[in-house]
1. Please go through the range 165-187 and give me each residue that is closer than 23 Å to Ala33 by Cβ and either modelled with pLDDT under 90 or among the polar types (S, T, N, Q) (or both), ordered by number.
2. Looking at this structure, is Phe20 within 18 Å of Ala165 (Cα to Cα) and aromatic (Phe, Trp, Tyr)?
3. Just one of Ile208, Ile184, Ile164 is surrounded by fewer than 23 Cβ atoms within 10 Å (Cβ to Cβ) and closer than 17 Å to Gly19 by Cα; which is it?
4. Looking at this structure, is Thr56 over 12 Å from the mean Cα position of the chain (by Cα), in a loop (DSSP other than H, G, I, E, B), modelled with pLDDT of 85 or more and polar (S, T, N, Q)?
5. Among the residues of the range 173-185, is any within 17 Å of Ser55 (Cβ to Cβ), in a helix (DSSP H, G or I) and among the hydroxyl-bearing types (Ser, Thr, Tyr)?
Amino acid sequence: MLPLIAAFFLAALLYASVGFGGGSTYNALLALAGVDYRVLPLIALSCNIVVVAGSTVRFARAGVTPWRGALMLTAIAAPAAFLGGLTPIGEGAFLTILGASLVLTAATMFLPVAKREGAPNKAARFVPLAAIPLGYLAGLVGIGGGIFLAPLLHLTRWHLARSIAATASLFILVNSLFGLAGQILKGGEGRFLAAFDFGLPLIVAVAIGGQIGSHLALKFLPQRYIRWGTALLTAWVGARLLLTV
């Protein structure tokens, strides 16, 4: 259990330092440790909520959250996340989707984060449509979806970089809450209590790691190096997971 706690702590530190929750990596670490796949989203989504809640509050206090656009995207995605949490899925499909999402996550983290230049491009009008599948994926396999949303917002010049980070943080938080609700209804109270009993030390670990990541990590290393390190870790875990399917 101690190696798993340490891995969760490190993952939370890295993901929080670049503004994300880390749900896909928590899921993969649990799967590689042999934990029942049916409880993975319950633990991963709970960890997501703990990690991004603080970031969401800090962005709001800093006044950089574009509330109108951010709330619209999360309102569209949240019902889909709830439905994803309710959807039954077999172990093979779950691990395949999870592994693929990790590899895609790693790829998105290598994309440059550019400053907004000029008005949003024409593709920005289609961003709300992308929120639906991202929300559903979030609930289905226990991720937040923000790590896919953020590069899309950058590519369409949807808003300023800090505002996009704030939007992704809120997106992850709300999707994780709705996805967790769906997962609890699907698995019942007994499965949730079992997941919470097993996952409590991991939730504590990500709470500590997330706080350290959001407050201290960026003071010691440039953000791009942290993103690349996180991407390499994510790609390695995702590839290992796909090889076990």
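1. Answer for the range 165-187, where residues must be closer than 23 Å to Ala33 by Cβ and either modelled with pLDDT under 90 or among the polar types (S, T, N, Q) (or both): Ser176, Gln183, Gly187.
2. Yes: the conditions hold for Phe20.
3. Within the list Ile208, Ile184, Ile164, the selection yields Ile208.
4. no
5. Yes, the conditions are met somewhere in the range 173-185.
The values are calculated or read from the model by the stated rules, or taken from the named source; none is laboratory data. The model shown is predicted, which means the values in this text are computed figures rather than measured ones. All Cβ positions, glycine included, derive from the backbone under ideal geometry; neighbour counts span all protein chains shown.
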